[in-house]
Every structure is written in structure tokens, then in C-alpha cells.
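The values are calculated or read from the model by the stated rules, or taken from the named source; none is laboratory data. Quick caveat: nothing in here was measured; it's all calculated off a predicted structure. When we count neighbours, we look across all protein chains shown, and the Cβ atoms used for this are built from the backbone with ideal geometry, even at glycine. Just the protein is used for accessible areas: all its heavy atoms, side chains included, with ligands, DNA and RNA removed. Shrake-Rupley method; radii C 1.70, N 1.55, O 1.52, S 1.80 Å.
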Amino acid sequence: MMKSWQTKSGFTVYQLLGGRSNSYVITNGIDALVVDTGKLTSYSTLIARLQSLNIPLSAVRYLVLTHTHFDHCQAAAKFIENSGCLVIASVFEQEFAKRGFTPLPKGITPVTKVIARIAQFLKQKWFSYAPFSVDIAVRETYALNAPFEGIQIVATPGHSVGSISIIVDAELVIVGDALFGVFPNSILPPYADDVDRMRQSWRLLLSTSCSTFLPGHGCAISRELLNKKNGY
Ligand SMILES: [Zn+2]
């Protein structure tokens, strides 16, 4: 069974992909908005999961990319081509998307610092993706219209320069890699371009009334845990 969350105005959020990278779909039962595509190797699973929810590709109006690291958008070009959906991403990452490569983030622990430095050598070859264009480029905030009224996108930079989060009915928020849900009792992603900016984004996330935070990797994070970790 896919994990799912329901909001008061009738949106359901399903987690389409887990494991390596998470992917979500938000639906009102008719129209759908997909958040992140995961890697190309997960593409057939992504499509099969949508099918099992009775969401045809033609019902997908938007693909929102929390950011353009390859593990979140490697299947984007293929998904856009097959669904005809519009792409929403940060204005600060649309040039990366156009050339199919996003600079890799820095490691923030001794181990991930070394890994990030090694990754620099492998760069283009391993971490590029099929390029695509962004239709709606978000700077600070963007509120969607019907049938997605109640869904708002906000800039939550730090992990990457153009990281964005998707707030659903002020109840839950899909945060990409602004938070990391892989290790228990921890929310700090192992990689980030700017840790201070990311912590500012945490405060912005806490300033919403959302109680559930769905990350790009791992499991849902509670407001309590984010509160506890904020300020350290
Ligand atoms: Zn990332």
C-alpha cells in the first residue's frame, strides 16, 4: 500500500516512490499534480503507481520539482513528454534544467564532504539528466488556481539555491531536501549548498501551520521534531 495523507478540503497526497528518492502525487480525485519524478530507473514504477491510483497521465496538470538535483528530476523530461503537463520549478534553477545539469551540493559532515569532493570528478557523466524547460518559474511564492486552490509553493532555499516546498491546505508540506527523513530523530540533510539559508527555510516552514513535513528522502517528519531540531 502506498502511504497517503488527506487534507480537510479533499486533497489526497500519495507517496508514489520511496527508497532512493521520494515522489508524491496530490489529487482531488480528478486532477493531479506530481511532485518530483525520481530517477530514470524508477520511471516505470512511477507510471505503474499512478495507474494503480486510476490517475491517467492526461490528468496530471503539473509537475512540481522541489529542486533539480538529478535524483529528483532525472525522469522529468520523459514524464513531461508523455503527460504533456506543465512544469513548475524555481526561477533560480530553470537554467540548470535547460542544460540538464545542476551543480552538486556540498557535503556538510566530514564523510559527505569527502563524497561530495569525489563526486565533483564524476560530475557531468553521472549526474546529468535529459534537459527540460520550466513553464512556471517561482521566485518567492506561487499560489495555484482551481482545481488546485489551497496549494501554495514557497521558496525554501539552502539545500540548493532554488529549493521550493509545496504547502497543501496549510496542513502538510512537501519539502524536497530542505529536510531529510532517513535517520530517526534527525532532519539535517547530508548535503547542502548553504546550511544557514536552509535553517532559515526551516523557520519559514515552522511559521506555517503545517503539522506534517514530507521530505525527498525517508519518512514524514513531525512538527515536534522540526521544532526540536530548529535552532541547533
Ligand atoms: Zn537534493
Q: Looking at the chain, send over the antiparallel percent of its DSSP beta bridges, to the nearest 5.
A: 65 percent
Q) With labels modelled as points extended 7 Å from the Cα through the Cβ direction, what inter-label distance (nm, one decimal) is found for residue 230 paired with residue 51? A) 4.2 nm
Q) Quick one: Karplus J couplings for segment 61-66, per residue in order, coefficients 6.51, -1.76, 1.60, θ = phi - 60°, nearest Hz, x for Gly and Pro? A) 8, 9, 10, 9, 9, 4
Q) When only the heavy atoms of the protein chains count and the probe is 1.4 Å, how do 23, 211 rank by accessible area, highest first? A) 211, 23
Q: Mind giving me the FRET efficiency for residue 195 and residue 30? R0 is 45 Å, r the Cβ-Cβ distance, nearest 0.05 is fine.
A: 0.65
Q | Over segment 4-229, relative contact order from alpha-carbon pairs under 8 Å, at least 6 apart, % | A | 17 percent
(Q) Run the helix sum for the chain: -39,500 (n - 2.57) per DSSP H stretch of 4+ residues, divided by residue count, reported at 222 nm to the nearest 500 deg cm²/dmol. (A) -8000 deg cm²/dmol
Q. Quick one: accessible area per residue over segment 48-99, 1.4 Å probe, rounded to a whole number of Å²?
A. 42 Å²
Q: Please calculate the 1.4 Å probe accessible area of residue 134, with all protein chains present, and give it to the nearest 10 Å².
A: 20 Å²
Q) residue 25 accessible area, nearest 10 Å², 1.4 Å probe? A) 0 Å²
Q: Sort segment 1-43 into rounded, prolate or oblate with this rule: let a ≥ b ≥ c be the square roots of the eigenvalues of the Cα gyration tensor; rounded if a/c is under 1.5, and if a/c is not under 1.5, prolate when a/b is larger than b/c, oblate otherwise.
A: prolate
Q: Just list whichever of 98/228; 113/229; 113/228; 3/229 have alpha carbons separated by over 27 Å in the model shown.
A: 98/228
Q) What fraction of the DSSP beta bridges in segment 57-179 is antiparallel, stated in percent and rounded to the nearest 5? A) 65 percent
Q) Which of the trypsin sites (Lys or Arg not before Pro) across segment 158-232 are loop residues per DSSP, with 15 or fewer other Cβ within 10 Å? A) none
Q) If you stretched the chain out fully between residue 188 and residue 136, how much longer would it get, using 0.36 nm times the residue separation minus the C-alpha to C-alpha distance? A) 15.8 nm
Q) R0 = 45 Å: FRET efficiency of residue 206 with residue 81, Cβ-based, nearest 0.05? A) 0.75
Q) Check residue 16: other-chain or 5+ apart residues with amide H under 5 Å from its amide H, H built from backbone geometry? A) 23, 24, 25
Q. Taking the Cα centre of each part, how many Å lie between segment 1-67 and segment 153-227?
A. 19 Å
Q: Pop a pseudo-label 7 angstrom from the Cα along the beta-carbon direction at both residue 61 and residue 6 and give the gap in nm to one decimal.
A: 2.2 nm
